[in-house]
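Shown next, in structure tokens, is the structure this report addresses.
Since every read-out is calculated from the coordinates, none of them should be taken as a lab result. Everything numeric here is computed off the predicted structure, so don't read it as measured data. Here the Cβ positions follow ideal geometry from the backbone for every residue, glycine too, while neighbour counts run over all protein chains shown.
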């Protein structure tokens, strides 16, 4: 009965955190509209196999995530909520999986703590509300480990191993070979280091291989047959090999790139992690083998993507559940000691100081780059500073329950503020939505709206069109500007400035709307007298 209460409590908390105001913030360029628009183009065509963008096939990711978004569109319509719903749903499923795996490895209380920790950590809370593949991949990988180790610790039960093979296939259908290679390597490394050779041969290899092949391979076979080298070269060659060997983004090829990502992404619980590791080594020696598995899970993902030349903040996200499970087990152990340790009290004193520093830094960064967000950041920061001050006081008074409950409530409050007070300003700066809305107010139905690389996807989604001229191409841009017909475009302000230098003899554009570093412009004077609108510049 108590187990059900733990699990129901986690589901309620996670559902609130991940579903609250889910559709309030506009889809942020360039990644969210990429997946949202690709899924819509597939749905419109009744096409379930070939992902598309701008009417053309694209092979960046396998189709699993698009299938989930299409299903969401069919239930809720095409909008921001439905585009993000699969990530939110899988965020909840992930919290359930963390509870079940922690319970399998340790006990249900450790599972409850791990679930709370994961739901209230920064990166998990963000990606559970984002229209990107990372949450779905993370949860499939989590369930690979859940079912493998349920089989491992339950007399090599075949049904669990077969379930692990199924989720491995789902992970591959979400993001490619990494969904198989890294989990398999971690498990084999674990068995080798523990010298458990028998477990290698007790795995249900035949049944697992059949399930994996039946689920994962058909899509790859069909794509290879239909598109040949265009598919294999781009998906396997560029997306999986070239991006590993060559950096795609400037400034990201740094070996320690993911250190700050883990620190910030696992806040506030990262403050407990060093303490947790030392306490587990001293007080939980009977579970050293299970801790080894979690350490391998963290280490393999961290090292692999640190070696990779192309780096993005979300690539190492699948290791975060292991961090939560380790920290959850630590809380499970120290919970019996009603007296707060000196380390816990020190962390309590760091919390309000951390939020105060974050507020000051956030304010000055926003004042320079996102002026409309400055007052919202100050308001949110003050609220959170007082909230974490309560945690510090509870810690100094040796109120362990009040201390940890205060941290959880502070993070819930932070997530609520992010998705209410800060949601609209973030969308104003990082989405094409409001530029498209302004263009639709002014342009005639037959007039063309174009954009640059990063915002073309958002334009396509919010304007409900597939043909969006790429103004990053100089030839297209020249025709666009010099056309006798009136055209509308969205581009970066600095690139528009280059236009004025290029066309020195006449004014090539009329600026209609500006937000941050982007502008909406037209090559012919609008029919109505439109004031030059500048917001948040």
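Quick check on the exposure proxy: order 511, 69 from fewest to most C-beta atoms within 10 angstrom. Before the final figure, lay out each step's value.
On the way: 511 15, 69 25.
With the fewest neighbours first, 511, 69 line up as 511, 69.
Nearest 5 is fine: what % of DSSP beta bridges in the chain come out antiparallel, could you say? Walk me through the numbers on the way to the answer.
Details: 12 of 20 bridges.
Of the beta bridges lying entirely in the chain, close to 60 percent run antiparallel.
Using the Kirkwood radius over Cα pairs, work out the Stokes-Einstein diffusion coefficient for segment 113-248 at 25 °C and 0.890 mPa s, in µm²/s as a whole number. Display every interim value, and only then the final one.
Details: Rh = 16.7 Å.
It diffuses with D of about 147 µm²/s by this estimate.
Along the Cα-to-Cβ line of residue 206, 7 Å from the Cα, sits a label point; which residues in segment 151-169 have backbone N less than 16 Å from it?
158-159, 162
With each label point set 7 Å from Cα along the Cα-Cβ vector, what nm distance links residue 524 and residue 346?
Here the modelled spin labels are 7.0 nm apart.
Give the peptides 366-375, 110-119 in descending order of average Cβ contacts within 10 Å, highest first.
Values: 366-375: 16.0, 110-119: 28.0.
Ranked by mean Cβ neighbours within 10 Å, highest first: 110-119, 366-375.
As an exercise, take the mean of 1/r over every pair of distinct alpha carbons in segment 359-502, invert it, and state the Kirkwood radius in angstroms.
Numbers: mean 1/r = 0.0540 Å⁻¹.
Roughly 18.5 Å, rounded to one decimal.
Tell me, what is the percent relative contact order of the chain, built from C-alpha pairs under 8 Å that lie six or more residues apart?
Values: 809 pairs, mean separation 83.8, N = 537.
Relative contact order here is 16 percent.
Over the residues of segment 2-247, compute the C-alpha Rg and express it relative to 2.2 N^0.38 Å. Present the calculation step by step, with values, prior to reporting the outcome.
Values: Rg = 19.0 Å, N = 246, 2.2 N^0.38 = 17.8 Å.
My calculation over the Cα atoms of segment 2-247 gives 1.06.
Per residue, how much space in cubic angstrom lies within the convex hull of the C-alpha atoms of segment 342-428?
Per residue, the Cα convex hull of segment 342-428 comes to 70 Å³.
Return the Rg/Rh value of segment 439-479, two decimal places, where both radii are evaluated on C-alpha atoms and Rh is the Kirkwood radius.
My calculation puts Rg/Rh at 0.96.
For q = 0.11 Å⁻¹, what log10 I(q)/I(0) does the chain give under the Debye formula with an equal point scatterer on each alpha carbon and no solvent?
For the chain, the Cα-only Debye profile gives -1.06.
In a solvent-free Debye calculation with one equal scatterer on each Cα, what is log10 I(q)/I(0) for segment 127-173 at q = 0.13, 0.27, 0.31, 0.32 Å⁻¹, listed in the order of the q values?
These q points yield log10 I(q)/I(0) values of -0.32, -0.85, -1.00, -1.03.
Go ahead and estimate [θ] at 222 nm for the chain from helices alone: -39,500 (n - 2.57) per DSSP H run with n ≥ 4, summed, over the residue count, rounded to 500. Walk me through the numbers on the way to the answer.
Numbers: 24 runs with 348 residues, N = 537.
Value at 222 nm, helices only: -21000 deg cm²/dmol.
How much length is gained on full extension from residue 47 to residue 79, taking 0.36 nm per residue of separation minus their Cα-Cα distance? Present the calculation step by step, with values, prior to reporting the outcome.
Numbers: separation 32, 0.36 × 32 = 11.52 nm, distance 1.94 nm.
Gain on extension, residue 47 to residue 79, equals 9.6 nm.
Arranged from highest to lowest average of other beta-carbon atoms within 10 Å per residue, in what order do the peptides 257-269, 473-485, 214-226 appear? Numbers along the way, then the final one.
Numbers: 257-269: 18.3, 473-485: 13.0, 214-226: 14.6.
Order by mean packing, descending: 257-269, 214-226, 473-485.
Report the full-extension gain for the segment residue 470 to residue 214: residue separation times 0.36 nm, less the Cα-Cα distance, to one decimal in nm.
Details: separation 256, 0.36 × 256 = 92.16 nm, distance 3.96 nm.
88.2 nm is the gain from fully extending residue 470 to residue 214.
What percent do you get for the relative contact order of segment 141-287 when only Cα pairs under 8 Å and 6+ apart count? Please list the in-between numbers first.
On the way: 84 pairs, mean separation 27.7, N = 147.
This gives 19 percent for segment 141-287.
Based on the Cα coordinates of segment 278-372, what is the per residue volume of their convex hull in Å³?
Details: hull volume 14.3 nm³, N = 95.
Given the Cα convex hull of segment 278-372, per-residue volume reads 150 Å³.
For segment 15-79, build the convex hull from the C-alpha positions and give me its volume per residue in Å³.
Details: hull volume 6.4 nm³, N = 65.
Convex hull of Cα atoms, per residue: 99 Å³.
Test of understanding: what is the full-extension gain from residue 413 to residue 369, defined as 0.36 nm times their sequence separation minus their Cα-Cα distance? Walk me through the intermediate numbers first.
On the way: separation 44, 0.36 × 44 = 15.84 nm, distance 2.49 nm.
My answer for the length gained is 13.4 nm.
Could you work out how far the C-alpha centroid of segment 297-336 sits from that of segment 166-186, in angstrom?
Result: 17 Å between the Cα centres.
Describe numerically, in nm with one decimal, the distance between label points set 7 Å from Cα along Cα→Cβ at residue 448 and at residue 270.
4.6
Calculate how large, on average over all directions, the projected area of the Cα convex hull of segment 202-358 is; give the answer in nm² to one decimal.
Numbers: hull surface 56.0 nm².
Computing the convex hull of the Cα atoms and averaging its projections yields 14.0 nm².
For segment 1-53, count the residues as N, evaluate 2.2 N^0.38 Å, and divide the Cα radius of gyration by that value, please. Kindly include the intermediate steps, with their values, before the conclusion.
Numbers: Rg = 17.4 Å, N = 53, 2.2 N^0.38 = 9.9 Å.
Taking N as the residue count of segment 1-53, the ratio is 1.75.
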